[in-house]
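The values are calculated or read from the model by the stated rules, or taken from the named source; none is laboratory data. As the structure is a prediction and not an experimental result, all values here were calculated from the model. Virtual Cβ from ideal backbone geometry, glycine too; neighbours counted across all protein chains shown. Surface areas here come from the heavy atoms of the whole protein model, side chains and all, with no ligands, DNA or RNA. Shrake-Rupley method; radii C 1.70, N 1.55, O 1.52, S 1.80 Å.
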Amino acid sequence: MSVSVKGQKTSNPGHREIQDRTQFGISGPALNWIASYVVGRTQFVRVGQEQSPRADCEYGVPQRSVLGPMLFTLYTSAVGGAISSFGVTHTQYADDTQLYVALKDGSLSTLTECIKALHHWLDLNGLCLNPEKTEAVVVGTSERQRVEGHMDTIDTC
């Protein structure tokens with residue numbers, strides 16, 4: 001299953017969240033430098049000669065920045081623990097996460113519970129699944145699919 005995450009208005013890998021990720025070996029001046037990158041920023045819009053007043057940026061990181069993907073990875077690194085706690089194998093790259101499950105007795109309910117926990121973790125951290133980019137691919141023999149039945153959706157609510 002391929003899961004894509006999108007930020008909500010409330011998502012911000014701010015100083016507290018970055019400090020929670022010191023297991024990556026980032027501390028002291030380096031941590032303070034990274035925190036200064038996401039805290040206290042402003043933005044404005046300019047069209048021709050007109051410019052809007054500056055507004056505080058409370059959430060997110062500058063788009064197309066070099067640090068943005070790394071900060072997002074730090075911010076979302078803990079989701080792997082939530083997924084692994086269900087015995088589900090996964091890989092993460094930026095805002096994409098792949099879940100790998102061999103479907104056998106009970107594994108569909110495990111996958112469903114894992115996805116519910118994933119929803120919960122994302123919600124607590126100001127993120128959500130991007131339904132337009134989230135999909136499941138079921139691979140198996142025609143005999144296995146006849147025995148298991150057709151799977152259209154997975155209940156995650």
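Note on residue 98 and residue 123: their simple-model spin labels are 2.9 nm apart, each label 7 Å out from Cα toward Cβ.
For the peptides 118-127, 81-90, the ranking by mean Cβ contacts within 10 Å, running from highest to lowest, is 118-127, 81-90. Normalised by the number of residues in segment 20-124, the average gap of Cα pairs under 8 Å and 6 or more apart makes the relative contact order 17 percent. A cut-off of 5 Å between modelled amide H atoms, ignoring neighbours fewer than 5 places along the same chain, links residue 128 with 6, 8. Computed with a 1.4 Å probe over protein heavy atoms only, the accessible surface of segment 71-111 comes to 52 Å² per residue.
With all protein chains in place and a 1.4 Å probe, the accessible surface of segment 21-105 carries 55 percent carbon and sulfur.
Near residue 57, the amide H atoms lying under 5 Å from its own belong to 41, 42, 43; only residues 5 or more places off or on other chains count, and H is placed 1.01 Å from N.
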